[in-house]
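The values are calculated or read from the model by the stated rules, or taken from the named source; none is laboratory data. Here the structure is a predicted model, which is why all the values come from computation and not from measurement. So basically every Cβ, Gly included, is an ideal-geometry build from the backbone, and we count neighbours across all protein chains shown. Just the protein is used for accessible areas: all its heavy atoms, side chains included, with ligands, DNA and RNA removed. Shrake-Rupley method; radii C 1.70, N 1.55, O 1.52, S 1.80 Å.
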Amino acid sequence: MSDDHPPAKLWAGRFTEPTNALVERFTESVSLDQRFAKHDIRGSIAHARMLAEVGVLSADDRDAIVRGLEGILADIEAGAFEWRVSLEDVHMNVESVLTERIGDAGKRLHTGRSRNDQAATAVRLWLRDAIADIAEAIRALQGVLLSIAEREADTVFPGFTHLQPAQPITFGHHMLAWFEMLARDAERLAESRVRVNRMPLGSAALAGTPYPIDRALTARLLGFDGLCENSLDAVSDRDFAIEFVSGCALAMTHLSRMSEELVLWVSAPFGFVELGDAWCTGSSIMPQKKNPDVAELVRGKSARVIGDLNALLVLMKGQPLAYNRDNQEDKAPLFDAADTTTDCLRVFAGMLGTLQCRRERMREAARLGHTTATDLADYLVRRAVPFRDAHEVVGRAVRTAVETGRDLSDLTLDELRAFSPVIEGDVFEVLTLEGSVAARNHPGGTAPEQVRAAIARARERLGAGVGAD
């Protein structure tokens with residue numbers, strides 16, 4: 001950026017002295033919002049074409065503006081554009097250079113609009129792209145999860161509640177739980193796009209414009225589904241951005257939960273999975289260490305995105321209608337939430353692509369904690385024992401197993417019959433890990449047959465782009 005010879009402000013007519021240098025640094029946003037350049041220029045081109053269509057701009061002025069803006073965009077993409085802090089933001093930087101290049105036609109571009117509706121439009125155009133990027137990253141991660149689930153559809157794994165062994169499940173079933181979390185994240189972002197994709201342009205500063213603009217035409221040129229219906233609301237609220245960041249925060253919360261499980265699973269006491277060396281780091285002092293730093297950082301970065309959401313909520317809560325300069329502060333948390341979420345989804349997919357299960361260790365852990373106790377209770381219920389009575393019977397059997405240092409399945413038939421005479425020799429079929437998981441053979445259950453059916457349905461959903469845009 002440069003300001004060796006700052007040009008006059010586009011709004012300088014009202015003022016008798018130049019802006020204080022400290023104020024210029026304090027109020028500028030171009031260091032952040034230049035990221036909107038492509039979207040701002042796209043909005044300006046549509047605005048110019050609409051103005052020409054309704055007769056406010058001549059065809060010659062329109063063509064000069066379009067060519068000039070396309071040239072500026074090419075310079076920006078090539079890194080040849082000189083951004084000036086003194087011009088405050090991306091909008092004034094682009095307009096100033098446009099006017100330098102094409103003359104008075106550049107000054108006519110701003111007819112019928114304000115930086116207020118211009119900025120709100122650029123944010124929404126940018127958010128459409130950000131939502132598409134995150135949706136793509138979610139789908140890629142979901143694809144990795146489905147591959148793991150398919151590979152491990154029969155792998156017995158300990159299911160936990162309260163981080164205590166609860167019931168045996170399959171590891172494929174566990175991966176599908178992660179898939180469903182992400183599916184809802186994609187749905188939320190797709191739903192937020194509906195509210196993002198309404199056009200504020202034409203609201204001008206706050207009250208609309210006296211020029212005979214055609215907002216519907218501009219909306220069609222920019223691919224908006226509809227118009228913001230109230231000019232005050234259109235330029236002043238950022239609830240659509242807050243909703244987007246809320247979706248990011250929920251996605252990051254899910255990634256954080258997944259990360260926490262990975263951190264546990266790769267630790268020596270669990271030892272359920274291994275991750276590729278390229279996705280882990282070592283210790284500067286302990287040569288034996290292989291740390292799951294990627295998972296830990298994803299878990300940590302969730303705090304940033306949750307903080308971004310809080311920042312935007314607090315930013316908006318005290319603002320009267322209409323636009324206030326406070327809204328300039330929406331850029332940092334908005335960009336950070338989008339970037340952090342996208343990066344975390346991509347790195348998580350790469351890391352999970354290297355995951356290898358230690359199946360025997362998983363199986364051993366699934367036998368701990370008498371995880372087939374519920375199966376024994378269900379066995380008794382099928383023999384006409386009321387569930388509450390069955391629960392008490394199994395509880396006493398578990399207590400005996402604990403006191404003798406055995407698993408429930410290691411008790412003899414005679415020992416089990418001492419707790420209930422309805423128990424027969426077939427009881428051991430339900431006390432096996434495979435018998436337990438196979439018994440949950442219904443949609444949403446952990447039986448391998450159901451896991452494979454769920455994977456097939458999930459692949460169809462991904463192929464259909466559910467929640468994609």
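Assorted remarks:
- Stokes-Einstein diffusion coefficient of region 289-336, Kirkwood radius over Cα pairs, 25 °C, 0.890 mPa s, in µm²/s: 194 µm²/s
- q = 0.07, 0.08, 0.10, 0.12 Å⁻¹, the chain: log10 I(q)/I(0) [Debye, one scatterer per Cα]: -0.53, -0.64, -0.84, -1.04
- Each part reduced to its alpha carbon centroid, region 24-95 and region 224-283 end up 32 Å apart.
- Highest to lowest packing among 258-269, 92-103, scored as the average C-beta count within 10 Å: 92-103, 258-269
- E187 - accessible surface, heavy atoms, 1.4 Å probe, Å² rounded to 10: 70 Å²
- Within a straight-line Cα-Cα reach of under 23 Å, K331 can be paired with the following lysines, leaving aside sequence neighbours fewer than 8 residues apart in one chain: K9, K38, K301, K317.
- Virtual paramagnetic centre 7 Å along Cα→Cβ of T253, amide N under 12 Å, in region 184-200: 185
- Adding -39500 (n - 2.57) for every DSSP H run of four residues or longer, then dividing by how many residues the chain holds, sets the calculated 222 nm ellipticity at -19500 deg cm²/dmol.
- The separation of region 158-192 from region 292-353, counted between C-alpha centres, amounts to 23 Å.
- For region 343-469, the spherically averaged projection of the C-alpha convex hull amounts to 11.2 nm².
- Per residue solvent-accessible surface (Å²) - the chain, probe of 1.4 Å: 47 Å²
- Within the accessible area of the chain (1.4 Å probe), percent carbon and sulfur: 52 percent
- Principal semi-axes of the equivalent ellipsoid, √(5λ) from the alpha carbon gyration tensor of region 91-192, are 53, 13, 9 Å from largest down.
- Spherically averaged projected area of region 38-156 from its Cα convex hull (nm²): 11.1 nm²
- Over the chain, relative contact order from alpha-carbon pairs under 8 Å, at least 6 apart, %: 18 percent
- The Rg/Rh ratio of region 152-293, with both radii computed over alpha carbons and Rh defined as the Kirkwood radius, is 1.24.
- Spatially proximal aspartates and glutamates relative to K107 (Cα-Cα < 13 Å; intrachain offsets below 8 disregarded): D61, E95
- A Cβ-based charge dipole, computed about the Cα centre of region 45-140 with Lys and Arg at +1 and Asp and Glu at -1, lands at about 280 debye.
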